[in-house]
Amino acid sequence: MKPELRNSDWLLLRSYLERIPAYESPLLISYLTLRKAVGAIGVLLPFILALGNVFLQGPQLQGSISAYYHTPMRDVFVGSLCAIAVFLWAYQGYDWRDNAAGNVAGFAALGVAFFPTTPEVAPTMTEQVLGALHLGAAAIFFFTLAYFCLGLFRQTGAGTPTQEKERRNEVYTICGYLIIGCLVAIAAVSLLPDESPITPLAPVFWLEALAIVAFGVSWMIKGEALLKDDPYASLPR
């Protein structure tokens, strides 16, 4: 009869595997590289969309990240979200909560990609319905990402966490609250009248960009691009 591993045993084993030097574990390289890749997509996406549209259409900044669906940068927007969705579906964390959160965020990312935001000029009823679905998917996506940062990423295995782990947790906390703060600010900005002097500054775009960058930074750190543990430090963490 095979012995069953407790949750604490799995955490300890995972901690050990994640700290094997990269050259000794090509499978681990792939896993951490995927984390870094999805983080890089998040960090770069707002800037690629804005700069790409400047060259293809003109210097005007769109009102939101999602509004780039209605520009020549549509394929970049949709393709990036699909890449993020595929990774989140494939993501395997410490327990069922990681897997469930990854699945929810993955489906929500597809909703953001394939339910376009409502056009600003003369939207049809169908476009308004799709826009409402888009907003719902975006809210689920961002709140799930905040849950990753504030809940799942800050978990610690048995034993005393390393200094690097404590610093990573601080970054995860900042990123999680940044995402939530941006969502609250977006809701507040949406209540402003169209003639508000803030509207021409595209505040929703900048708030969404900050939230996406926070998401990207947290996943790059989870992929050990920064604040990596010493692989030869004492276990457990």
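See the values below:
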item: Selection within region 197-237 - modelled with pLDDT under 75 and open to solvent by less than 40 Å² (accessible area, probe 1.4 Å); result: Glu224, Asp229, Ala233, Arg237
item: Conditions (1) under 13 Å from Leu145 (Cα atoms); (2) open to solvent by 10 Å² or more (accessible area, probe 1.4 Å); (3) without any contact (Cβ under 8 Å) to a residue 24 or more places away in the chain; (4) not basic (Lys, Arg): number failed by Val104; result: (3)
item: Of all residues making up region 61-76, the number that are part of a loop (DSSP other than H, G, I, E, B) and crowded, with 20+ Cβ neighbours inside 10 Å; result: 4
item: Single residue of Leu34, Leu130, Leu88, Leu27 found to be open to solvent by less than 20 Å² (accessible area, probe 1.4 Å) and modelled with pLDDT under 95; result: Leu88
item: Conditions (1) outside any helix (DSSP H, G or I); (2) loosely packed, with under 15 Cβ neighbours inside 10 Å: number failed by Thr156; result: (2)
item: Matching entry among Leu145, Leu81, Leu88 (being assigned to a helix (DSSP H, G or I), under 21 Å from Leu49 (Cβ atoms) and touching a residue at least 60 places away in the same chain (Cβ under 8 Å)); result: Leu145
item: Set Gly58, Gly39, Gly52, Gly79: member being small (Gly, Ala, Ser), surrounded by fewer than 17 Cβ atoms within 10 Å (Cβ to Cβ) and at pLDDT below 90; result: Gly58
item: Selection within region 159-196 - of a type in the set (S, T, N, Q) and open to solvent by less than 40 Å² (accessible area, probe 1.4 Å); result: Thr162, Asn169, Thr173, Ser196
item: Qualifying residue in region 112-119 (condition: closer than 22 Å to Ala40 by Cα, among the small types (Gly, Ala, Ser), crowded, with 17+ Cβ neighbours inside 10 Å and within 19 Å of the chain's Cα centre (by Cα)); result: yes
item: Residue check, Phe153 under 14 Å from the mean Cα position of the chain (by Cα) and aromatic (Phe, Trp, Tyr); result: yes
item: Hits in region 46-64 - residues which are touching a residue at least 60 places away in the same chain (Cβ under 8 Å) and in contact with a Ser or Thr (Cβ under 9 Å, 6 or more places away or on another chain); result: Gln62, Gly63, Ser64
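The values are calculated or read from the model by the stated rules, or taken from the named source; none is laboratory data. Only a predicted model underlies this, so the values are computations on that prediction, with no experimental measurement involved. Cβ coordinates were reconstructed from backbone atoms using ideal geometry, including for glycine residues, and neighbour counts include every protein chain displayed. Surface areas here come from the heavy atoms of the whole protein model, side chains and all, with no ligands, DNA or RNA. Shrake-Rupley method; radii C 1.70, N 1.55, O 1.52, S 1.80 Å.
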